[in-house]
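Each reported figure results from applying straightforward, stated rules to the coordinates on display, with no laboratory input. Just so it is clear, the structure is predicted and the values come from calculations on it, not from any experiment. All Cβ positions, even for glycine, are placed from backbone atoms using ideal geometry, and neighbour counts span all protein chains on display.
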Amino acid sequence: MKTKRVMAIASGGGHWVQLMRLRPALDGLDVVYVSMDKSSAADVPGHRYHTIRDASRRNKAAFLVVAAQLLLILLRERPKVIITTGSAPALVSLILARRLLGARTIWIDSIANAERLSTSGEKAGAVADVWLTQWPELTRREGRQPEHWGAVL
Amino acid sequence: MIFVTIGSMFPFDRLIRGMDAWAAERGERDVLAQIGDGAYLPRHMRHVRRLSQADFTASVANADVVIAHAGMGTVITAGRLGRPLVLLPRIEAWGEHTTDHQIATANWLRDKPGVFVADTDADLNEAIHAARGAGGAAGRLSPVADPAFTGRLRAAILDFLE
């Protein structure tokens with residue numbers, strides 16, 4: 001059977017809170033959620049929810065653990081689309097999902113990045129089918145330009 | 001209750017130290033501070049290192065005023081629950097974050113209803129005073145983003161699922 005599954009992933013804190021504001025985009029779809037805090041499962045009743053460890057780019061060992069966790073989750077869930085509001089671990093999940101599963105990918109850079117894209121957001125440009133900034137000013141720049149479709153606020 | 005929070009990532013002792021001094025000076029007893037991995041332990045505020053997402057939301061809901069770093073989790077949660085908010089942005093040069101994006105966030109939110117920016121820790125007292133005066137007047141944010149945005153995302157997702 002062909003899966004119609006979407007994976008929605010965000011780091012804990014502000015990234016998750018922003019993802020939750022986008023939930024009308026996912027209404028009624030087969031969505032599996034991934035974040036870092038066990039208690040966030042309560043925000044998405046009726047959906048499967050997986051946790052991964054927190055890791056920043058600064059901690060290479062933790063980052064490998066997170067990549068392994070993401071790999072297992074992706075192989076089990078096999079999403080066809082993956083959508084995220086960041087941060088670095090979510091970028092890893094986009095890369096893996098695209099390479100391994102041929103998933104289509106949506107990166108929405110955090111609204112906190114008002115003056116320039118986040119480091120992960122910058123890299124996401126190479127792997128995102130839909131590559132968005134929440135700030136219209138950031139679409140005007142040299143090289144490949146992210147799009148602006150709106151903002152969570 | 002006054003809720004002080006530094007978010008889920010890096011420590012922010014400047015805010016915790018400033019608020020501890022404020023609580024001592026003012027004799028405020030009902031202050032809860034979430035301090036992360038900070039080295040400074042407050043002596044005049046109750047404190048926890050981390051809160052689950054659920055306990056964080058509950059702490060914001062129970063607060064008369066929220067005093068925080070300029071992080072979007074706190075900004076959106078306080079806005080949604082209609083709680084007045086004091087923001088002290090983290091400064092990169094002092095090792096408080098990896099970039100100065102919190103200064104941009106503070107500048108962008110500066111004149112929004114219910115938001116009071118303290119540019120430095122010396123401005124905290126005045127900002128808290130203004131936030132307390134605002135009371136429940138802080139605007140209540142809708143729980144979801146603009147339908148034009150979520151609608152366009154949904155159309156893209158449905159197209160990819162075809």
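So the values come out like this:
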read-out	value
Per DSSP, loop chymotrypsin sites (Phe, Trp or Tyr not before Pro) in region A:77-153 with at most 15 further Cβ within 10 Å	none
Helix-derived mean residue ellipticity, 222 nm - over the protein assembly as shown, DSSP H n ≥ 4, -39500 (n - 2.57), to 500	-11000 deg cm²/dmol
Net charge over other residues, Cβ less than 10 angstrom from the Cβ of B:T150 (K, R count +1; D, E count -1)	+2
Tail beyond 26 Å, pair distance distribution of chain B (Cα, percent)	28 percent
Order of A:L94, B:L161 under a 10 Å beta carbon neighbour criterion, fewest first	B:L161, A:L94
Helix A:60-77 axis, angle to chain A major axis (alpha carbon atoms, nearest 10°)	60 degrees
For B:V4, residues with placed amide H under 5 Å, excluding near neighbours	B:L32, B:A33, B:Q34, B:I67
Neighbour-count ranking [beta-carbon atoms within 10 angstrom, fewest first] of A:L153, B:L85, A:L64	A:L64, A:L153, B:L85
Ranked list, fewest to most other Cβ atoms within 10 Å of each Cβ, for A:S56, A:S87	A:S56, A:S87
Paramagnetic label zone (point 7 Å from Cα along Cα-to-C-beta, B:H129; backbone N under 16 Å) in region B:1-37	B:22-23, B:25-28
Quotient of C-alpha Rg and 2.2 N^0.38 Å, computed over the protein assembly as shown	0.99
Chain B: most fluctuating residue of B:V31, B:V144, B:V66 per GNM, C-alpha cutoff 10 Å	B:V144
C-alpha long axis of helix A:88-101 to longest principal axis of chain A, angle in °	70 degrees
Relative contact order, percent, chain B [alpha-carbon distance under 8 Å, six or more residues apart]	21 percent
Under 5 Å, built H, 5+ apart or other chain: amide partners of A:R48	A:Y33
Qualifying lysines (Cα of each under 24 Å from Cα of A:K123; at least 8 residues distant if same chain)	A:K60, A:K80
